[in-house]
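Scroll down for the structure; my scribbles are underneath it.
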Amino acid sequence: MSVESLISLSSSALFFSFIILLIAIIPFGVAVKSRKQVAAKIALIMTVIGFLA
């Protein structure tokens, strides 16, 4: 792979993880307000996906 394609791949992965972590803020807020386990699980799963991406 060329350097340009690796840079493009890295940029896309960073953008994807940023968007996932940004969206994960919403379930965290819902989990704090409502104390429902489902919202907390969704937020944690999204956070893990964001960090793995």
* **In sequence order, calculated HN-Hα J values of the range 12-26 (Karplus, 6.51, -1.76, 1.60; Hz; x Gly/Pro)** => 5, 5, 5, 5, 4, 5, 4, 5, 4, 5, 5, 5, 5, 4, 5
* Asked: What is the set of long-range amide H partners of ALA53 at a cut-off below 5 Å, with H atoms built 1.01 Å from backbone N?
  -> none
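Hey, any idea what the orientation-averaged projected area of the convex hull of the chain's Cα atoms comes to, in nm²?
Numbers: hull surface 13.7 nm².
The number I arrive at for the chain is 3.4 nm².
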* Asked: Using 0.36 nm per residue, how much length does the chain from LEU21 to GLU4 gain when fully extended, once their Cα-Cα distance is taken away?
  -> 3.5 nm
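Each reported figure results from applying straightforward, stated rules to the coordinates on display, with no laboratory input. Everything numeric here is computed off the predicted structure, so don't read it as measured data.
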